[in-house]
Every structure is written in structure tokens, then in C-alpha cells.
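Notes follow once the structure below has been shown.
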Amino acid sequence: MPLFRCPMPGKPLLQVALDFTSTTDALSVLERVYPYVNVVEVGTPLVIEEGLAALRTLKEKFPDRTYVADLKIMDAGYLEASSAFRSGADWVTVLAVADDRTVRGALDAAQEHEGQVVADLIQVSDLPGRAQALEAMGVPILCVHTACDRQGRGIEPLAELRRLRPIVRARIAVAGGLGESTVPPAAQAGADILVVGSGIAGRPDPREAARRLLDLLKGFSPCSP
């Protein structure tokens, strides 16, 4: 039996992270992987380079997916989250290390626009404590995230997932170097959302990579022991 109560019935979601610097490149990959992903992440590099116009372009082309604007909000939570939601984001990311007032501002914007906030736990020192505090504030999705610059050093997000899953009921996303070898154990450990960037977009055949990953998730639910 799992040690936690199931926060969200159903299959885990596959999220593709489009960490490009041009909308053209992002759209080219999305056109190929669209049938095999549940969530489309407009990555931070793309937002920095081309702004929220990139989000509007992608959503106009493929409107029936969930879109997350990876803004990594650290300040002005209400203002910045509102901008993303008005541009079509369904979810917006805020850094978990941000001040509580920033997080609450983003949550207020989410409530007004019927969206959701994802708290990115990257570089959080007290992972259990901060995760529980964010959940108590009403954050519905927590993301355990190994930074790109720290990958390949024996650091991986599954250990953090296993620490959090028994103590929170919020949905948990996992990000940071995921691919075919790590998606199944992350799903088995109770991840609700698997965030894959280069494991899809960086493959020779992104469509086939996404199809294989989605197929791997068919045997799991977020409540798998």
C-alpha cells in the first residue's frame, strides 16, 4: 500500500519542455510531438527571448493542451502571473524560494483566471518544510527540479520525489534530465507530472521519443506503490 493518499486519480501526465530561443523551433517540435504529450511548457529561454507572444502562438496552433508558462516568478507574483494567464497559460511557475507574499499574489491571479500555480522547488534547502508550507498556502502543484547546470553530478530529482510523496497531497511534477530510463521509476514513486525537455526535443525523432515515453506511462497511476 502507498504511504500517501492519492491526490489525483488517473494516469501521470507527460509534459514537454520547449526550452528553445525561437518560436519557430518550438513550434516545429510541438507539431511533431503534439499527439503524445499532455502538457506543453513554454520554457524560460523562449519567454526571455520572445516573450509571452510565443505562448499565444503555440496555443493558437494547438489549443486543446494544457500550457504552462515557465516564468519562474520571484517577485511581483500577481502582476507577472496575471500577464501569463491573460496570454493563455493554464499554469504558471513561481519559485518556491520566493517570499510568501509573492506566492500568494500568483495564487490570487490564478484564482481570478481559473489557472493553477506550480511552485518550482529548485534550490530549496528545507525541501519538506517548504513543500508543506506551500501546500498549506494552497499551491496545487509542486515541482522537484534538478537544475540543468547541476545535472550529471550524481544529483537527480527522484530522491527528492521520494522524500515528498509521503508527506504532501499536492500533485508533484518531476523535472531535470528525465528520459526513458528515469520516467518509469519517477512514475512508480508517485509523480503526477513528468517533465521532459531534451529527452524529447533533443532526440533525433522527437515524435517517436514522446510516443515511447507516453507508452511507458500507461501502466502507472500517481498512486502506484
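The values are calculated or read from the model by the stated rules, or taken from the named source; none is laboratory data. Everything quoted here is computed from the prediction, not taken from an experiment. Every residue, glycine as well, gets a Cβ built from its backbone with ideal geometry; the counts of neighbours run over all protein chains shown.
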Practice task
Please identify the pairs in which a residue from region 176-204 that is modelled with pLDDT under 95 has its Cβ atom under 8 Å from the Cβ atom of a residue that is among the aliphatic types (A, V, I, L, M) and part of a loop (DSSP other than H, G, I, E, B), counting only partners at least 6 apart or on another chain.
Solution key: Gly176/Ala147
Problem - All positions within region 15-38 that are in contact (Cβ under 8 Å) with a residue 60 or more places away in the chain, part of a helix (DSSP H, G or I) and buried (at least 19 other Cβ atoms within 10 Å of the Cβ) - result: Val29, Val33, Tyr36
Exercise for the section: Determine whether Glu50 is more than 23 Å from Leu142 (Cβ to Cβ) and surrounded by fewer than 17 Cβ atoms within 10 Å (Cβ to Cβ). Expected result: no
Problem - Residues that are under 18 Å from the mean Cα position of the chain (by Cα) and over 19 Å from Val16 (Cα atoms), drawn from region 91-113 - result: Leu95, Ala96, Val97, Ala98, Val103, Ala106, Leu107, Ala110
Handout entry: Sole residue being of a type in the set (D, E, K, R) and under 30 Å from Met137 (Cβ atoms), chosen from Arg32, Arg86
Key = Arg86
Completion exercise
Just one listed residue, out of Arg56, Arg130, is among the basic types (Lys, Arg) and either at pLDDT below 95 or within 23 Å of Leu14 (Cα to Cα) (or both), and it is Arg56
Exercise for the section: Could you tell me whether region 128-147 includes any residue that is part of a loop (DSSP other than H, G, I, E, B), in contact with a strand residue (DSSP E or B) (Cβ under 7 Å, 6 or more places away or on another chain) and not small (Gly, Ala, Ser)? Expected result: yes
Problem - Pair list, Cβ < 8 Å and 6+ apart or interchain, from region 50-76 residues that are under 16 Å from Val37 (Cα atoms) to residues that are among the aromatic types (Phe, Trp, Tyr) and outside any strand (DSSP E or B) - result: Phe62/Tyr34; Arg65/Tyr34
Problem - Test for Glu41: is it acidic (Asp, Glu) and assigned to a helix (DSSP H, G or I) - result: no
Fill in the blank from the handout: Within region 128-149, residues farther than 13 Å from Val103 by Cβ and crowded, with 18+ Cβ neighbours inside 10 Å come out as Cys143, Val144, His145, Thr146
Exercise for the section: Could you list, in sequence order, all residues of region 184-204 that are surrounded by fewer than 24 Cβ atoms within 10 Å (Cβ to Cβ) and under 14 Å from Glu160 (Cβ atoms)? Expected result: Pro185, Ala189
Practice task
Among residues belonging to region 75-90 that are assigned to a loop (DSSP other than H, G, I, E, B) and charged (D, E, K, R), point out the one that is nearest to the chain's Cα centre (by Cα).
Solution key: Asp90
Exercise for the section: Answer with yes or no whether Ile172 is modelled with pLDDT of 95 or more, surrounded by fewer than 23 Cβ atoms within 10 Å (Cβ to Cβ), touching a helix residue (DSSP H, G or I) at 6+ places or on another chain (Cβ under 9 Å) and not in a helix (DSSP H, G or I). Expected result: no
Handout entry: Candidates Asp75, Asp70, Asp64, filtered to the one that is surrounded by fewer than 24 Cβ atoms within 10 Å (Cβ to Cβ), acidic (Asp, Glu) and within 20 Å of Leu142 (Cα to Cα)
Key = Asp75
